[in-house]
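The values are calculated or read from the model by the stated rules, or taken from the named source; none is laboratory data. Bear in mind the structure is a predicted one, so any value in this text is a computation, not a measurement. Ideal geometry is used to build each Cβ from the backbone, glycine not excepted, and the neighbour counts take in all protein chains shown.
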């Protein structure tokens with residue numbers, strides 16, 4: 001699919017990932033007036049009539065809108081998270097199909113994988129077990145979009161695909177994000193501010209994670225929009241992993257923090273490894289994350305620090 | 001929970017299982033005027049506003065409305081099966097919670113179990129793998145309601161329970177060949193062969209697959225017992241605990257209907273899931289439910305009902 005002349009709806013287009021997708025589309029030469037980003041104040045996508053309004057006249061839908069948050073938020077709001085994500089997604093796809101949209105991209109995440117899936121996560125293992133219970137309402141709601149995409153392809157020949165994103169980092173993230181990279185940046189910044197000569201990190205630092213630069217994630221989504229048209233889900237990851245200890249070391253160095261890093265080994269480590277297999281994305285639509293980790297981290301830090309400084313001054 | 005003075009909404013109450021559930025409720029002494037069955041012509045439960053209207057002033061919701069069919073229908077209409085069942089269920093639970101309903105009974109299906117699961121199927125194995133492909137979209141839409149049920153209990157304290165009935169049969173079932181399940185399909189085939197004086201019938205698959213069948217009035221009894229007594233988040237199987245191969249099932253139906261012709265197997269057609277049988281111990285432990293109708297007795301009644309109602313029931 002050549003995107004140049006297409007009318008593109010990007011739900012969640014003002015969010016962390018969404019901003020980067022919109023920017024990449026513009027860089028590719030898509031005209032601003034061909035991109036529609038519905039604002040939540042005007043379009044509550046939990047209601048079918050709003051879904052019908054926003055898909056009208058569109059050729060491609062990239063559905064990034066979602067309700068999520070940190071662990072605490074997931075623990076306290078499982079019903080809201082399930083209902084809102086499910087209803088937004090399934091009604092938007094139904095409306096898009098009826099409005100004869102040509103292609104629909106649904107976005108899921110690595111949390112859709114079973115808690116005990118073998119590593120690295122392969123798409124073929126997606127259904128082999130229950131996800132981490134705290135994330136189940138979110139992940140099952142998102143996973144239903146994969147089921148719907150496959151069902152619609154079969155019955156209506158509707159071109160809907162499903163992508164699974166790993167942990168993303170980079171400019172534009174929520175300032176209070178509880179994900180590992182922004183919270184490390186925040187804590188080091190705070191330690192420096194308070195002249196504290198150490199930071200403390202939960203666990204042994206040994207668990208590993210894969211991190212994907214958000215600009216690369218956007219690139220992966222757009223490549224899939226251009227050239228992936230099959231029912232099977234596809235991982236969008238970086239293809240490498242790093243331990244929390246090494247990650248902390250790099251951020252400490254990039255932020256020029258001279259204090260000590262203490263690991264509180266009495267605290268839990270969480271899952272020991274988490275990483276996606278990225279073969280399918282490379283085979284199917286030639287996607288490989290290209291941003292060097294230090295380059296990406298520098299951009300994230302460079303964006304983050306002035307924002308928290310400003311917040312702090314208020 | 002004493003159901004006698006409760007206002008009870010039964011979606012799908014005009015359907016096969018629904019009519020048996022209403023029968024059981026009436027037998028238990030629930031007055032007819034307390035039972036509300038929204039008609040499809042007036043309420044489209046895929047629409048949120050109709051769900052809201054339907055649940056208003058109700059105390060219990062038994063959500064039986066579903067779009068279902070046999071293997072052929074499942075293969076042709078996976079999109080509709082997914083969407084209609086998903087959107088109806090999700091909105092009914094949401095609307096019921098918002099309207100202050102006291103208890104919501106949601107129904108899953110044996111189709112939600114993984115294709116390959118050790119028999120008997122135990123509730124804790126529900127998420128171990130992908131369901132059988134021909135009914136996966138339907139099965140997964142229903143299974144997602146279990147997550148919704150648990151999420152609403154956890155966030156709002158809303159009493160939603162989730163039951164997983166096995167394949168049902170009995171009077172009132174659909175014998176319409178485009179959407180009927182295996183027992184009515186076979187009864188109709190044999191009846192047609194007898195009527196047309198044919199000496200054979202054609203049957204899909206190899207006959208090797210096994211199934212478990214629950215007599216619909218027994219299923220209704222299980223649902224009503226769970227409504228009265230079960231208030232936990234774990235899903236519960238409703239089954240008869242008996243497994244039969246399709247081959248033996250046909251032999252039995254032929255015998256009960258006095259058909260002596262040949263059975264021709266069309267092995268180019270799918271068998272569906274290889275084996276199906278539920279572990280029914282949780283239902284017995286938690287709310288004292290055990291199916292009591294024997295298979296032969298249930299089949300005899302179903303055949304008799306079909307022969308008396310052939311015209312209307314064939315769609």
Q) Got at least one residue in the stretch B:99-111 being within 12 Å of chain A (Cβ to nearest Cβ) and within 19 Å of residue B:236 (Cα to Cα)? A) no
**Q.** Out of B:65, B:95, sole residue that is crowded, with 21+ Cβ neighbours inside 10 Å, more than 12 Å from chain A (Cβ to nearest Cβ) and touching a helix residue (DSSP H, G or I) at 6+ places or on another chain (Cβ under 8 Å)
**A.** B:65
Q. For the stretch A:8-44, how many residues are in contact (Cβ under 8 Å) with a residue 40 or more places away in the chain and over 27 Å from residue A:171 (Cβ atoms)?
A. 0
(Q) Show me the strands (runs of 3 or more DSSP E) found entirely inside the stretch A:159-272 where at least 3 residues are surrounded by 14 or more Cβ atoms within 10 Å (Cβ to Cβ). (A) A:159-165, A:167-169, A:198-202, A:211-213, A:234-236
**Q.** Single residue of A:47, A:126 found to be over 18 Å from residue B:136 (Cα atoms), out of contact with any strand residue (DSSP E or B) (no Cβ under 6 Å at 6 or more places or on another chain) and either free of Cβ contacts under 8 Å to residues at least 24 places away in the same chain or within 10 Å of chain B (Cβ to nearest Cβ) (or both)
**A.** A:47
Q | Failed item, numbered, when residue B:157 is tested on (1) surrounded by 23 or more Cβ atoms within 10 Å (Cβ to Cβ); (2) within 14 Å of another protein chain (Cβ to nearest Cβ) | A | (1)
Q) Is it true that residue B:139 is in contact with a helix residue (DSSP H, G or I) (Cβ under 9 Å, 6 or more places away or on another chain) and either in a strand (DSSP E or B) or within 14 Å of chain A (Cβ to nearest Cβ) (or both)? A) yes
Q: Take the residues in the stretch A:84-115 that are within 11 Å of chain B (Cβ to nearest Cβ) and part of a loop (DSSP other than H, G, I, E, B), then tell me which one is surrounded by the most Cβ atoms within 10 Å (Cβ to Cβ).
A: A:114
Q: Please state which of the following conditions residue B:236 fails to meet, knowing it meets all the rest: (1) buried (at least 21 other Cβ atoms within 10 Å of the Cβ); (2) more than 17 Å from residue B:110 (Cβ to Cβ); (3) in contact with a strand residue (DSSP E or B) (Cβ under 6 Å, 6 or more places away or on another chain).
A: (2)
Q: Please work out if residue A:152 is in contact with a strand residue (DSSP E or B) (Cβ under 8 Å, 6 or more places away or on another chain) and at the interface with another protein chain (Cβ under 7 Å from one of its Cβ atoms).
A: yes
Q | Filter pass, residue B:10 being crowded, with 23+ Cβ neighbours inside 10 Å and either closer than 26 Å to residue B:302 by Cα or more than 14 Å from chain A (Cβ to nearest Cβ) (or both) | A | yes
Q. Would you pick out the residues in the stretch A:129-138 that are in contact with a helix residue (DSSP H, G or I) (Cβ under 8 Å, 6 or more places away or on another chain) and within 9 Å of another protein chain (Cβ to nearest Cβ)?
A. A:130, A:131, A:136, A:137
Q: Would you be able to say whether some residue in the stretch B:183-199 is in contact with a strand residue (DSSP E or B) (Cβ under 6 Å, 6 or more places away or on another chain), within 28 Å of residue B:292 (Cα to Cα), in a loop (DSSP other than H, G, I, E, B) and more than 14 Å from every other protein chain (Cβ to nearest Cβ)?
A: no
Q) Looking at the stretch A:135-154, is at least one residue under 15 Å from the mean Cα position of the chain (by Cα), at pLDDT below 95 and farther than 21 Å from residue A:284 by Cα? A) yes
